[in-house]
Amino acid sequence: MQVLSQVIPSLSVALLSLLAMLPWGLPSDSRFVLPLLPYIAIHYWTARDPERLPEWVVFLCGLSVDVLTNGPLGYWSLIYLAGYVLAMGAGEVRSSGPGARWLLFLSSMAMLIVCAWALSSLYYFDLVDWTPFAWAAVAAGLAYPALAFVLRSADPRTARRTNDRLERGV
Amino acid sequence: MRYVGYEQLNLARQRASPPRRRRFNMVVPGLMFLSVALLVLSRMEHSYVSSVRWRITELVTPVLSAALIPLEPLRWAGRNATDLFSRVDELQRLRDENQQLKGWQWRANELERKFADLSATSKTVRETAIEFTTARVIANSSGAFVRSAMINAGRDNKVKTGYPVMSGDGLVGRVVETGPSAARVLLLTDVNSRIPVFVGPNAVRAMLAGDNGASPKLIYVAPDSEVKVGDEVSASGVGGLFPRGLRIGTVISASVPLRVKPHAGLDALEYLSVLFYESPALEMMSGDAGTNGATAATPDSASARIGQR
């Protein structure tokens, strides 16, 4: 169980990276949301317990997304690592409740998407269209609660904690 | 299940999730520096980047192919949901189109008969049929950078760089990189794609240029030429990279820049046919360099140069 709880974060990020590469039949402008799905998992795990998600896993997942989507090598790995740092910062903020965590994610996502747009523009030495980035950020923001629920359910540590039953008077 | 008291529970929770604060180390800055270095190398189109990319692609191709199998029901459901919304309009459109096509069928039969007569009189050599192989799309590009797709057929299946790629509806693009068991197809909407085309019944010459949007634009159109909405766009064969007459799309905007809607649904590609079209231009280029990514941009720039003449 201990091993599983250490592996689940890396596994979930890797699985979402794999899903981001597959041809889902989405319109090309809407497809930008897919590489942001692994970031949701990166933020979720890092904000809670950064020890369970090593940096090199984040880097390798970003690199594999770059390779298989034929993007420039290093783009998504850099964005994911920047997101990792942001999520570590979000973990420092004392917050309670899913609403507060969602707000923290939304603010991290807003910063990250601006970075992603700026990096794309810098890569091309031209201002690229910002609308796909904005839509992708909105979609990822909306997807966060559902995905966070799935990740929470998959986490053995959370499962073990919620299985405790209180007994009055002990 | 175990039974615990409030205090025990609090203690257990504290033990289970002690406040973890990661100490700052140099791993993250180091990996970020590596990412930036890779990004710069990619921008410079370094050959090392291409070879690394293909090594990783070859490793992951079987995983992607396997991952597609359990996801197929999900994709099928998504496609059907989209179809359901557009089915009524589509039915009416198909009825109208069917009426028009019946007229065209009659004309085509007439023309075919005349063509056969004329060919017999002039003793022209008939064009040989082009062989092809069909492959499955296993990965798509996403993001602001490229419009490409990866297929599960490569050099082992006789696929070469530069070969045209079609779906059932029309031209999709061409192969720009090949590995032993996978190849990358540059879609005609990509910013690097340039295809010499004929537009409309007057066969106006132009160049179809992608800009990463859904509808590529027509450039180098003669100012006095008559191009109107609904005109068919097909490959002209100029430059020899594409066979003449391949269906591409229809003009959807008559204002500058003229836009073309591809017949092939580039957002939902599943199976693609790679045409084994050996063009003289490709043979010349393969003499200059190999079949890897380093030559990927060459056919585009070549066709662009040819088209400008």
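The values are calculated or read from the model by the stated rules, or taken from the named source; none is laboratory data. Since the structure is predicted, the reported quantities are computational estimates derived from the model, not experimental observations. We place every Cβ from the backbone using ideal geometry, glycine too, and count neighbours over all the protein chains shown.
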Legend entry - Single condition B:Pro180 does not satisfy, out of (1) over 14 Å from B:Ile248 (Cα atoms); (2) touching a residue at least 60 places away in the same chain (Cβ under 8 Å); (3) touching a strand residue (DSSP E or B) at 6+ places or on another chain (Cβ under 7 Å): (3)
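This table checks each residue for (1) within 27 Å of B:Ile138 (Cβ to Cβ); (2) loosely packed, with under 14 Cβ neighbours inside 10 Å; (3) within 29 Å of the chain's Cα centre (by Cα); (4) modelled with pLDDT of 80 or more.
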{"residue": "B:Leu11", "(1), (2), (3), (4)": "no, yes, no, no"}
{"residue": "B:Pro29", "(1), (2), (3), (4)": "no, yes, no, yes"}
{"residue": "B:Ser35", "(1), (2), (3), (4)": "yes, no, yes, yes"}
{"residue": "B:Ser42", "(1), (2), (3), (4)": "yes, no, yes, yes"}
{"residue": "B:Val49", "(1), (2), (3), (4)": "yes, no, yes, no"}
{"residue": "B:Arg75", "(1), (2), (3), (4)": "yes, no, yes, no"}
{"residue": "B:Asn80", "(1), (2), (3), (4)": "yes, yes, yes, no"}
{"residue": "B:Glu97", "(1), (2), (3), (4)": "no, yes, yes, yes"}
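Yes/no matrix, rows are residues, columns are (1) loosely packed, with under 15 Cβ neighbours inside 10 Å; (2) of a type outside the set (D, E, K, R); (3) modelled with pLDDT of 90 or more:
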| position | (1), (2), (3) |
| --- | --- |
| A:Ile42 | no, yes, yes |
| A:Glu51 | yes, no, no |
| A:Ser64 | no, yes, no |
| A:Gly71 | no, yes, no |
| A:Leu78 | no, yes, yes |
| A:Ser96 | yes, yes, no |
| A:Met109 | no, yes, yes |
| A:Trp117 | no, yes, yes |
| A:Ser120 | no, yes, no |
Legend entry - Residue in segment A:21-38 that is nearest to A:Ala82 (Cα to Cα), counting only those that are hydrophobic (A, V, I, L, M, F, W, C) and more than 7 Å from every other protein chain (Cβ to nearest Cβ): A:Leu36
Inset, instruction - Name every residue in segment A:65-84 that is more than 7 Å from chain B (Cβ to nearest Cβ) and either within 15 Å of B:Val60 (Cβ to Cβ) or among the small types (Gly, Ala, Ser) (or both), in order of residue number. - result: A:Val65, A:Asp66, A:Trp76, A:Ala82, A:Gly83
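Quick one: count up the residues across segment A:125-137 that are part of a helix (DSSP H, G or I) and surrounded by 14 or more Cβ atoms within 10 Å (Cβ to Cβ). Explain how you work it out, then say what you get.
Residues of segment A:125-137 part of a helix (DSSP H, G or I): A:131-137.
Then drop every residue that is not surrounded by 14 or more Cβ atoms within 10 Å (Cβ to Cβ), which leaves A:132-137.
Result for segment A:125-137: 6.
So for segment B:105-125 (the condition being at pLDDT below 90, part of a loop (DSSP other than H, G, I, E, B) and of a type outside the set (Lys, Arg)), does at least one residue qualify? Full working, then the answer.
Filtering segment B:105-125 down to residues at pLDDT below 90 leaves B:105-125.
Now narrow it down to the ones that are part of a loop (DSSP other than H, G, I, E, B): B:123-125.
Checking which are of a type outside the set (Lys, Arg) leaves us with B:124-125.
For segment B:105-125, residues at pLDDT below 90, part of a loop (DSSP other than H, G, I, E, B) and of a type outside the set (Lys, Arg): present.
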Inset, instruction - Pick out, from segment A:25-104, the helices (runs of 4 or more DSSP H) lying fully within it that include 1 or more residues that are touching a Cys at 6+ places or on another chain (Cβ under 7 Å). - result: A:36-48, A:75-92
Legend entry - Hits in segment A:3-39 - residues which are of a type in the set (Val, Ile, Thr) and farther than 17 Å from B:Ala214 by Cβ: A:Val3, A:Val7, A:Ile8, A:Val13
Inset, instruction - Could you look through segment A:1-40, keep only residues that are free of Cβ contacts under 8 Å to residues at least 40 places away in the same chain and of a type in the set (Val, Ile, Thr), and pick out the one that is surrounded by the fewest Cβ atoms within 10 Å (Cβ to Cβ)? - result: A:Val3
Inset, instruction - Tell me which of these B:Lys102 doesn't satisfy, since it passes every other one: (1) modelled with pLDDT of 70 or more; (2) facing another protein chain (nearest Cβ under 9 Å); (3) in a helix (DSSP H, G or I). - result: (2)
Legend entry - Long-range neighbours under 7 Å by Cβ, at least six apart or interchain, first residue within 8 Å of another protein chain (Cβ to nearest Cβ) within segment A:45-64, second among the basic types (Lys, Arg): A:Asp49/B:Arg20; A:Pro50/B:Arg20; A:Pro50/B:Arg22; A:Glu51/B:Arg20; A:Glu51/B:Arg22
Inset, instruction - Could you tell me whether segment B:137-159 includes any residue that is in contact (Cβ under 8 Å) with a residue 40 or more places away in the chain and on the phi > 0 side of the Ramachandran plot? - result: yes
Inset, instruction - Can you tell me which residue within segment B:236-251, out of those that are hydrophobic (A, V, I, L, M, F, W, C) and at pLDDT below 90, is farthest from the chain's Cα centre (by Cα)? - result: B:Val238
